[in-house]
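For reference, the structure discussed in these notes is given below.
The values are calculated or read from the model by the stated rules, or taken from the named source; none is laboratory data. In this text, all values refer to a predicted model and were calculated from it rather than measured experimentally. Here the Cβ positions follow ideal geometry from the backbone for every residue, glycine too, while neighbour counts run over all protein chains shown. When the accessible area is computed, the model is the full protein with side chains, heavy atoms only, and any ligands, DNA or RNA have been set aside. Shrake-Rupley method; radii C 1.70, N 1.55, O 1.52, S 1.80 Å.
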Amino acid sequence: MITSSVFPAPPEALAHGFETDIEADLPLLWAIIRSAQPKMVVELGVRHAISTKTIAHAMEDQGTFIAIDPDPTCMNHMSSLVSNRSFAFWALTGEEFTSRCDAHTQIDLLMIDTDPHEYDQTLMWLNLYQPYLAPGSIILFHDIIQNRPEIQVAQA
């Protein structure tokens with residue numbers, strides 16, 4: 001079982017998430033990445049790059065990490081990652097990114113943070129990325145809130 005106590009994250013991998021909606025999730029996110037040791041990680045939806053920074057730290061140049069968001073200004077939140085050789089930010093939609101994938105693309109870990117957190121978009125991305133998922137791949141979701149009917153990520 002992967003837990004943040006078995007793979008404790010160093011403070012610098014979490015500090016940027018202080019008092020955010022994902023603060024409590026970052027230690028587990030870091031632990032999953034460290035445990036799984038993925039060769040290729042794709043994150044769909046970056047916004048303020050909170051999870052992006054934790055993923056990049058956990059990857060430690062062990063593979064390729066591509067963060068995708070259609071808003072090019074997201075890069076403003078990732079200046080500390082520019083020197084990370086394994087990291088790339090692509091200002092594309094999730095759909096546009098798959099048009100650049102080929103039959104050899106193998107995603108080991110897919111992080112989905114849809115916006116606007118709708119059932120249809122989440123399901124569409126799951127279906128769209130399925131051909132590119134490596135055997136035994138991991139899919140993580142942000143915003144799986146059960147008590148808010150407008151957020152439908154968990155239902156997908």
* Among the residues of the range 107-121, is there at least one that is part of a loop (DSSP other than H, G, I, E, B), modelled with pLDDT of 95 or more and more than 26 Å from PHE18 (Cβ to Cβ)? -> no
* Could you run through the range 108-128 and say how many residues are open to solvent by less than 70 Å² (accessible area, probe 1.4 Å) and among the charged types (D, E, K, R)? => 2
* **Yes/no for PRO135 being free of Cβ contacts under 8 Å to residues at least 24 places away in the same chain, open to solvent by 50 Å² or more (accessible area, probe 1.4 Å) and assigned to a strand (DSSP E or B)** => yes
* To do: Considering only residues that are farther than 14 Å from LEU44 by Cα and either of a type outside the set (Val, Ile, Thr) or free of Cβ contacts under 8 Å to residues at least 24 places away in the same chain (or both), look in the range 88-107 and name the one that is least open to solvent (accessible area, probe 1.4 Å).
  => CYS101
* If we keep just the residues of the range 6-19 that are open to solvent by 40 Å² or more (accessible area, probe 1.4 Å) and of a type outside the set (Phe, Trp, Tyr), which is farthest from the chain's Cα centre (by Cα)? -> VAL6
* Any residue in the range 39-61 that's at positive phi: show its pairings with residues that are open to solvent by less than 10 Å² (accessible area, probe 1.4 Å) and assigned to a loop (DSSP other than H, G, I, E, B) at Cβ separation under 8 Å, as long as the two are six or more apart or on different chains. => GLY45/THR114
* Could you grab me the full set of residues in the range 52-87 that are out of contact with any Phe, Trp or Tyr (no Cβ under 7 Å at 6 or more places or on another chain) and not in a helix (DSSP H, G or I)? => GLU60, ASP61, GLN62, GLY63, THR64, ASP69, PRO70, ASP71, VAL82, SER83, ASN84, ARG85
* Asked: Here are ILE55, ILE22, ILE66: which of them is at pLDDT below 90, open to solvent by less than 20 Å² (accessible area, probe 1.4 Å) and within 15 Å of ASP113 (Cα to Cα)?
  -> ILE22
* Asked: Considering the range 25-52 alone, what residues qualify as being surrounded by fewer than 20 Cβ atoms within 10 Å (Cβ to Cβ) and among the acidic types (Asp, Glu)?
  -> ASP25
